[in-house]
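**Q** I have a structure I would like to understand better, so I am pasting it below and will then ask my questions one at a time.
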Amino acid sequence: MENFQSLGLPEALMHKLEHLGFNKPTPIQKQAIPLVMQGRDILGSAQTGTGKTGAFGIPAIHKLLTSKTGGVLIITPTRELAAQVHESLTAFLAKQSSVKSALLIGGEPMGKQLNRLKAKPRLIVGTPGRLNDHLRNKTVDLSQTDYLVLDETDRMLDMGFIPDIERIFEITPFTRQVLFFSATMPPEITRIVQTFLHNPVRVEVARQ
């Protein structure tokens with residue numbers, strides 16, 4: 001993959017990428033995007049600043065634009081990162097796009113999030129704690145999630161979110177595609193990978 005044009009992306013997405021200045025893929029995008037679009041699970045070792053949001057975000061939006069079913073769930077350790085990822089991914093969508101999104105993070109009124117969820121969003125970005133709040137209240141439906149991303153998995157491990165993440169995995173379809181991105185690979189991540197990923201491809205890049 002030398003450029004985004006070779007991926008066969010929808011015209012609306014290509015237009016957005018060009019407008020946002022995505023002219024040349026970064027190393028993580030070159031390695032990961034073709035594999036992700038083949039449906040492979042990914043174990044990515046990449047830090048902030050390598051372009052990993054585009055590596056999982058571009059295929060995610062491609063999936064949503066080319067299919068009328070299925071949903072994308074992206075989990076991050078902090079609400080600040082969740083907001084950044086949500087902003088980045090919704091920027092890939094045209095203003096008149098039928099794809100709805102929801103940002104589910106702590107520190108924000110539940111009512112506001114419930115209104116977003118009533119629109120039946122197919123793109124959800126959130127933090128583990130708030131996602132589990134909605135699951136307990138039966139206010140979010142993740143049963144159609146077929147593309148699941150854990151961003152900065154090692155930080156979620158450090159923050160004690162693994163039980164929350166395991167509960168989320170338990171109620172998403174077994175056939176989902178899973179992408180893990182982590183700056184480091186502590187032993188506990190190996191156990192999670194063996195449990196939730198299917199024959200993942202390892203992708204590793206250094207910070208640019």
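The values are calculated or read from the model by the stated rules, or taken from the named source; none is laboratory data. It should be emphasised that the depicted structure is a prediction, and the values quoted were computed from it without experimental measurement. Glycine also receives a Cβ, built like all others from the backbone with ideal geometry; neighbour counts cover every protein chain displayed. Surface accessibility is based on the protein's heavy atoms, side chains included, excluding ligands, DNA and RNA. Shrake-Rupley method; radii C 1.70, N 1.55, O 1.52, S 1.80 Å.
**Q** To two decimal places, what compactness ratio does the chain give when its Cα radius of gyration is scaled by 2.2 N^0.38 Å?
**A** Details: Rg = 15.9 Å, N = 208, 2.2 N^0.38 = 16.7 Å.
Relative to the rule-of-thumb radius for its length, the chain sits at 0.95.
**Q** Here's another thing I want to ask about it. How much FRET efficiency would the formula 1/(1 + (r/R0)^6) give for Asp141 and Lys24, where r is the Cβ-Cβ distance and R0 is 25 Å, rounded to 0.05?
**A** Efficiency computed from Cβ-Cβ geometry: 0.05.
**Q** Given the C-alpha centroids of segment 97-160 and segment 28-72, what is the distance between them in whole angstrom?
**A** Taking the Cα centre of segment 28-72 as reference, the centre of segment 97-160 is 18 Å away.
**Q** Right, something else. Of Lys16/Lys120; Lys52/Lys118; Lys24/Lys112; Lys30/Lys138, which sit over 28 Å apart, Cα to Cα?
**A** From the list (Lys16/Lys120; Lys52/Lys118; Lys24/Lys112; Lys30/Lys138), the Cα-Cα distance tops 28 Å for Lys52/Lys118; Lys24/Lys112; Lys30/Lys138.
**Q** Still on this model: Multiply the residue separation of Lys68 and Gln96 by 0.36 nm, subtract the distance between their alpha-carbon atoms, and state the gained length in nm to one decimal. If you can, show how the numbers build up before the last one.
**A** Details: separation 28, 0.36 × 28 = 10.08 nm, distance 1.58 nm.
Length gained, Lys68 through Gln96: 8.5 nm.
**Q** Right, something else. Using the Kyte-Doolittle scale, which helices in the chain average at least -0.5 and also have C-alpha atoms spread 18 Å or more along the helix axis, with helices defined as whole DSSP H runs?
**A** Those that clear 18 Å and a mean of -0.5 are 52-66.
**Q** With springs only between Cα atoms under 10 Å apart, run a GNM on the chain and tell me which of Gln177, Gln29, Gln38 wobbles the most.
**A** Comparing Gln177, Gln29, Gln38 in a Gaussian network model of the chain, the most mobile one is Gln38.
**Q** Same structure, new question: Rounded to the nearest whole Å², what accessible area per residue is found for the chain with the 1.4 Å probe?
**A** For the chain, the solvent-accessible area averages 48 Å² per residue.
**Q** Then there is this: What number, in percent, do you get for the relative contact order of segment 1-149 if the mean sequence gap of Cα pairs under 8 Å and at least 6 apart is divided by its residue count?
**A** Value for segment 1-149: 25 percent.
**Q** Taking Cα pairs under 8 Å and at least six residues apart, what relative contact order does segment 69-208 come out at, in percent?
**A** Relative contact order for segment 69-208 comes out at 28 percent.
**Q** If you place +1 on the Cβ of every Lys and Arg, -1 on the Cβ of every Asp and Glu, and leave all else neutral, what size is the dipole of the chain about its Cα centre, to the nearest 20 Debye?
**A** The calculated dipole for the chain is roughly 600 debye.
**Q** Per DSSP helix of 4 or more residues, -39500 (n - 2.57); summed, then divided by the residues of the chain. What does that give at 222 nm, rounded to the nearest 500?
**A** -12500 deg cm²/dmol
**Q** Under 12 Å from the 7 Å Cα→Cβ point of Thr48, by amide nitrogen: which residues of segment 58-95?
**A** Residues 77-85 qualify, since their backbone N sits under 12 Å from the label point.
**Q** Further, regarding this structure: Going by the alpha-carbon gyration tensor, a ≥ b ≥ c the square roots of its eigenvalues, is segment 151-208 rounded (a/c under 1.5) or, if a/c is not under 1.5, prolate (a/b greater than b/c) versus oblate?
**A** Taking the square roots of the gyration eigenvalues as a ≥ b ≥ c, segment 151-208 is oblate.
**Q** 5 Å is the cut-off here: which amide hydrogens, built 1.01 Å from N in the peptide plane, fall below it relative to Val201, excluding neighbours closer than 5 in sequence?
**A** So Val201 has HN proximity to Asp41, Ile42, Leu43.
**Q** Related question: Which aspartates and glutamates does Lys100 reach when only Cα atoms under 18 Å apart count, and residues fewer than 8 places away in its own chain are ignored?
**A** Of all the aspartates and glutamates, those that pass the test against Lys100 - Cα under 18 Å, at least 8 places apart if same chain - are Glu87, Asp141, Asp146.
**Q** In debye, nearest 20: dipole of segment 1-96 around its Cα centre with unit charges on the Cβ of K, R (+) and D, E (-)? Each step should come with its number before you reach the end.
**A** Values: 9 positive and 6 negative charges, 23 e Å.
It comes to approximately 120 debye.
**Q** Along the three principal axes, how long is segment 99-199 when you take its alpha carbons, biggest first, rounded to the nearest angstrom?
**A** Cα spread of segment 99-199 along its principal axes, largest to smallest: 39, 29, 22 Å.
**Q** Which percent of the accessible area of the chain is formed by carbon and sulfur heavy atoms (probe 1.4 angstrom)? Numbers along the way, then the final one.
**A** On the way: 4960 of 9900 Å².
Ligands and nucleic acids excluded, carbon and sulfur give 50 percent.
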